[in-house]
Structure formats: C-alpha cells, structure tokens
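To keep things clear, I will list the structure first and then write my remarks on it.
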Amino acid sequence: MREIVTVQVGGFANFIGSHFWNFQDELVGLASDPESDPVFKNHCLNMDVLYRTGETQEGILTYTPRVVSVDYQGSLGSMHSLGTLYNQAPEIPSHVVTWRGGVSTQRSEPRKKNLFLQSLDEEDPGQLNGTGGGHGGPENEIHDEDIVQSLENDVQFWTDFSKVHYHPQSLYELSGLWTDVQDFDNYGIGKDAFSEGLRGEEMSNRLRFFVEECDHIQGIQFIVDDSGGFSSLAADFLENIADEYTNTPVLLYTARGPCSYMNYRSRKRTISRDLHDAISFLRLSSFCKLIAPIGLPSLSTSKAATYLYVDDQKPYHCSAVYAAALHSLSLPFRMELPGPTATLDCVSGASDINGLIQVLSAQHRQNMVAILDACMPAPCFNGNLAGEPLLSNLQPLTPELAEDVEEDQQSVESLIINGALQSGGHRASVSEVRDTIIAAYGNVAPRPRFSHLSIALCPLPIPLPFPSLFNNVVGKHGELSGKPVSNLPPKGSLDVNSIPMAARLRSSTAILPFLSSRLENLRRFGIQRGAPGAELLRNWGFGKDELEDMGETLSKMVVALDPSKISSSDDSD
C-alpha cells in the first residue's frame, strides 16, 4: 500500500481540508449504501491510502483520515481537540498548592452546535466507519432544508460543516494563539510560533504517529494558509519534515481566500505585504518537491465560477471549490492497479506523488511551481469534438498568471477527469474519455509537450454540508442544460447529488508574472541599497547574505522558464 499523510496548517487550509474530508467521508458511506449509485460502490479507489483503521477503547472499529490539522487555539468551535471518537477525560484539579492567594476562574461557555452538528449527534453513535451515504430521511426531526439554510448563514469555524470523525492525534491547537488575534498577518509575526514552548515537538510527534504506522508512505500532501503568520510556522514544520523524512516527497498547496487580498493605503503595509509574499513563497518552496499556489483574489468573478454562485466573503464557499479540485488531483494516487491479466474499467492513469512530481518538474525544463486549473462541473461529451469544450473550460485557480501566453514548447501537465458524462446524462466510459481527450489535444493550440491523463468513472459526490453554489443550469448529476437565470436561487446538496470534474496541474511559462513580481519586490524592497524594507526583514530574522541567496534562488526559477531573463538577472546583481 502507498499511504499519504495530509497536513493542514492555518485557517483557510483547514476550511479546504474540511470540505476535502467531507468528500472522502461521503465516498466511504456511499460505497456501503445499498441504495447508492453503483458508480460509488465500484469506484476502484483505495481509500486506505488516505485513511487508517483503528479501534476505540470500547472496541468499536474506526476509520479515520490520516491527517494532522494545525490552527489557532479556539479554532475548533464546538469540536473537542480529541475529536469525537474517544471519551474525553474530565479535568482533574491539581493537589499541588503553589499559590496561597485568592483564585478566580474564568470559563467560557461551550459553543452551541449548529443544526448540522446536532443532526450528526442524533445519528447512531456506533456508525464510525464513515457517515456518508445520503442526506437523511423524512423521519429526522431536523430537516435537511433547515440544515442547509443554517450552514449558509452561520458557518464561523471549519468544524461547523465537518461530518468527519477525527483521530485524537489529528487536531492540534496552538496554545497561546487565539482566533481573535488581529495582526497575525505577516511572515515575521509567526517566525517563532513553531519553536515556542513544545509546539514544534508536539506537531512533529503527531505527524510521526501517522507516518510510522504506514507500510510504504508515498508522500505528504501539505496545505497551508500562507496569507499570514502561518506561512512561517509551516516553513519551520516543513524544514523539520525534510530533515526527518528525507526520501518522502512533499506536495505543497499554498492557499489563500479572497478575504486575504487587501489594498493597503499605507505604503509601509504594502511593502510588508509584498515582502511577505516573496519570503513566504521562497521559504515554503525550499522544503517541498512541487508547489501549487491556489486562491484567486475574486473567485466569484473568475471564469472558474462560470456555473457557480460564490460569495467571496465566505471561506465556507470559496474553500469548497478548491477542495473539489484537490479531490480530483488526489484520485490517481489511490487508483487500484490492474492485475497481471486483469484490466480495470473504472480507472486509468494511476500514479503516485513522486510520479506526478517527475512529470511536472523533472522534464527538460526544471520547474517546481505548478498551476492548478479546474472545471466545475465539467461539460458533457458531445460528438467528435467533445473534448475541446472541456479543455477550453479548464480555468486557473492559481493567481497572478499571464493571460495571453505565447506557445510554450516545453509545457507539461497532468490532467484528471472524473465522472464524465455524455450528452443525455449517461456516464462516459474510461475508453471513451481517453479517446476523446487524445483527439481533442490534436486540435488545440498551444499543445503541451507532454500530458499525463488520469480518468475515473466516479464523480464528485456532493455531501449535505456542501454550500449552495450551483446555478440553475446544473442538473442532479452535474449535467449542464439551458441558460443561466440570474434571479433563481442557487442549488446545493438537496438538488445536486454529484458532478463531473476536471482538474489539471501544469508547468507553464504562464506562472512567470507570479514569480517575477516576487523577485522584483524582494530586490526592490529588501536587497537593493537603501531598500525601504531592509530593517523589517532584519526584524524577521533575515540577513543581507541570506536575502541575496534567496534572490538568486528565485532568479533561477524565473530563468528556468524564460532563459531571456538571464541578461536582466545579471544586470541587477
């Protein structure tokens, strides 16, 4: 078996992770539901890649994500840090007296659970092997319509919409860092967060718990909210991982919600933000094999939201889109392999994390920064040119890209399509999808130098706590019909059961503006003589020599994609 351990660091990363694990939990539940669509029962996906089996103290078998989540203290809302599987030991007062003066105790009231979490409590507590497999029945006292409405209005924490049972080692709150911290917004503020107290040791121990029980770990899937101080904490964590697990590849997603993009009036704040972006990217990318920045300034107005109604002010909304793309990207890592004489008709193009890294970053051009594109939902296949609309509808979820890129002769990509539909709503076979996409590549320009294609029949399941994002043209199974009507309410999990998806990671010169802006800002505000941000960077712990080395590293990334930048790079030294 080729296990994956997932790490989620920071608020928006955990919002994405909560949706991601809801998708997995739904798949687990649907696989054992006798009334579910057969495509979910025989999906040929090995969920053990992401999950671990265990047993509670009462002898109840459990099936929980192999994940470590790190966030502020108090970020779990009504969920206990030990999760819901194990009985929580009562607090025992110490009998050691060290203070003889007066004592006052201030205890906050437990956060009240919303309707969705209350409905989970009403379910059979013995069902710990996945709670998916449907949206409830009419006998429930709490109606699904009320749950959906409650979630649209009241989500504050990522746990508010989580339907997953977590292992006691999974959820880690940073002691002393509370959710009401207003200024945890740059790299320097979080530079000591990992090393203070026992935090680093405790986080490493939790990761070690999951890694050491793996038979043959294929890699670590790491998601970090890099919009503020969590980026420096994650960089220190990643450095520790690189030292301890030298041969374990890390696939890193740096994520930002639209709310993290702000236009500062103060030049000082603008310089701090620009330097944060440069330092955060350089530090994080130095401890992984492949990095994919995700998070658009306005997801709602992007082409990626063509069939969606997204509220940019709600992390609950935006994170669902990114989680759906990450779900598709993870499918090749857990596809079952055919036997010596058998073939699989439900999946094709299995890979592992290292294989993906080799495809994208170890080709003729050495580039470790990938672009994430997605199509949600993917259009139906229709006729001989069926694949071209799908390829043209793949839209970037990575920010700061060049829109009109000249033909890139060295571009490579990994494309995943799951749950594809033919016109009429019938599911397309693996061979039909493969043949259609191969034919489509022959008619598109620019054409990638190399493309790895993975296909799964299983669509993206839409669990009950998924937000109401879909416009009126999206049908029950994600089929597209009719024209959008602006005054109709969006559809959610009560109207849409599943959708076809397409997601792609690609290495392309389109990422150059993202890299170049960070290089320019680092030189202008941090390295050049009299740079206005030099003192700020010294306060963050970076000396002149280290900054020059970082600038050289970033310059090499730019030159790898555009050799013509060599002369300008030399001139600036």
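The values are calculated or read from the model by the stated rules, or taken from the named source; none is laboratory data. Computed from a predicted structure; not experimentally measured. Don't worry about glycine lacking a Cβ; one is built from the backbone with ideal geometry, like all the others, and counts go over all protein chains shown. What goes into the accessible areas is simple: the full protein's heavy atoms, side chains included, and nothing from ligands, DNA or RNA. Shrake-Rupley method; radii C 1.70, N 1.55, O 1.52, S 1.80 Å.
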| Residue count, region 150-179 (criterion: within 15 Å of Leu120 (Cβ to Cβ), of a type in the set (D, E, K, R) and open to solvent by 10 Å² or more (accessible area, probe 1.4 Å)) | 1
| field | Qualifying residues in region 366-409 (those that are at pLDDT 95 or above and charged (D, E, K, R)) - the one farthest from Ile438 (Cα to Cα) | value | Glu400
| note | In region 231-267, residues that are part of a helix (DSSP H, G or I) and open to solvent by 10 Å² or more (accessible area, probe 1.4 Å) total 10
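Residue-wise test of (1) open to solvent by 10 Å² or more (accessible area, probe 1.4 Å); (2) outside any loop (DSSP other than H, G, I, E, B); (3) under 30 Å from Ser555 (Cα atoms).
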residue	(1), (2), (3)
Ser280	no, yes, yes
Arg283	yes, yes, yes
Ser300	yes, no, no
Asp311	yes, no, no
Ser330	no, yes, no
| request: Please verify whether region 440-461 includes one or more residues that are part of a helix (DSSP H, G or I) and surrounded by fewer than 22 Cβ atoms within 10 Å (Cβ to Cβ). | output: yes
| said: Which of the numbered conditions does Ala325 fail, given that it passes all the others? Conditions: (1) closer than 19 Å to Phe470 by Cα; (2) open to solvent by 50 Å² or more (accessible area, probe 1.4 Å); (3) assigned to a helix (DSSP H, G or I). | reply: (2)
| Being buried (at least 20 other Cβ atoms within 10 Å of the Cβ) and either over 29 Å from the mean Cα position of the chain (by Cα) or charged (D, E, K, R) (or both), is that true of even one residue in region 498-517? | yes
| Can we say Glu520 is among the acidic types (Asp, Glu) and touching a residue at least 60 places away in the same chain (Cβ under 8 Å)? | no
| message | On the basis of being of a type in the set (Ser, Thr, Tyr), part of a loop (DSSP other than H, G, I, E, B), in contact with a Pro (Cβ under 8 Å, 6 or more places away or on another chain) and on the phi < 0 side of the Ramachandran plot, does Ser468 make the cut? | response | yes
| field | Which numbered condition Ile291 misses (of (1) in a strand (DSSP E or B); (2) open to solvent by 30 Å² or more (accessible area, probe 1.4 Å)) | value | (2)
| request: Hey, could you check region 410-419 for residues that are modelled with pLDDT under 95 and either open to solvent by 30 Å² or more (accessible area, probe 1.4 Å) or in a loop (DSSP other than H, G, I, E, B) (or both) and say which is nearest to Ser300 (Cα to Cα)? | output: Ser411
| message | All but one of (1) of a type outside the set (Ser, Thr, Tyr); (2) crowded, with 21+ Cβ neighbours inside 10 Å; (3) at pLDDT below 95; (4) at positive phi hold for Gly197; state the number of the condition that does not hold. | response | (2)
| query | Taking region 265-310, which residues are within 14 Å of Val224 (Cα to Cα) and within 17 Å of the chain's Cα centre (by Cα)? | reply | Phe281, Leu284, Ser285, Cys288, Leu290, Ile291, Ala292, Pro293, Ile294, Gly295
| message | Within region 521-538, does at least one residue satisfy the condition of being closer than 30 Å to Cys44 by Cα and part of a loop (DSSP other than H, G, I, E, B)? | response | no
| task | State whether one or more residues within region 208-215 are basic (Lys, Arg), assigned to a helix (DSSP H, G or I) and touching a strand residue (DSSP E or B) at 6+ places or on another chain (Cβ under 7 Å). | result | no
| Hey, Gln118 at pLDDT below 75 and open to solvent by 30 Å² or more (accessible area, probe 1.4 Å) or not | no
